[in-house]
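Here is the structure we will look at, set down as structure tokens.
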Amino acid sequence: MPGCIHCGARTERARRTNLERLATRAVYHCSGCGARNPVYNSLAAIFQNRCACPLCGNSDLTRLAAIDRIDKITANPLRLLLGMVGAPLYHCTFCRFQFYDPRPPGPAPVRKSVAVNFRR
């Protein structure tokens, strides 16, 4: 399960309301700060102000200069048209998927570091 985008704590799957069922694939509840992190459907993702991976909803994206021939690339005609117009090419590091999107990527998820002391 993905970590919270606000505090980086562990998240758990939460029940969706009837309205959320129309626009989201899943909703995660943060155990640390209590925030609800939705993963939007690809159709609802068009109306967001930040881009995320259309397959997994990950916002930890890298920008590529050219198409990587090994990883999958989107077959969505709208996204391919955006690429012809000049939209940047993004690569999801989690599911290894490439897609075009004119919006900037979402905030990078917060990663917690854990220090371990092995002294006795």
Can you tell me how many residues within the range 69-81 are surrounded by 13 or more Cβ atoms within 10 Å (Cβ to Cβ) and either within 21 Å of Gly106 (Cβ to Cβ) or without any contact (Cβ under 8 Å) to a residue 12 or more places away in the chain (or both)?
6
Enumerate the pairs (first residue in the range 28-42 and β-branched (Val, Ile, Thr); second residue anywhere and not in a loop (DSSP other than H, G, I, E, B)) with beta-carbon separation below 9 Å, excluding pairs fewer than 6 apart on the same chain, so at least 6 apart or on different chains.
Val39/Thr24; Val39/Arg25; Val39/Ala26; Val39/Val27; Val39/Tyr28
Kindly indicate whether any position in the range 46-64 is closer than 22 Å to Thr11 by Cα, among the aliphatic types (A, V, I, L, M), surrounded by fewer than 18 Cβ atoms within 10 Å (Cβ to Cβ) and at pLDDT below 90.
yes
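The values are calculated or read from the model by the stated rules, or taken from the named source; none is laboratory data. Predicted model only: the values in this text are computed from it and were never measured. Heads up, the Cβs are rebuilt from the backbone with ideal geometry, glycines too, and the neighbour counts pull from every protein chain shown.
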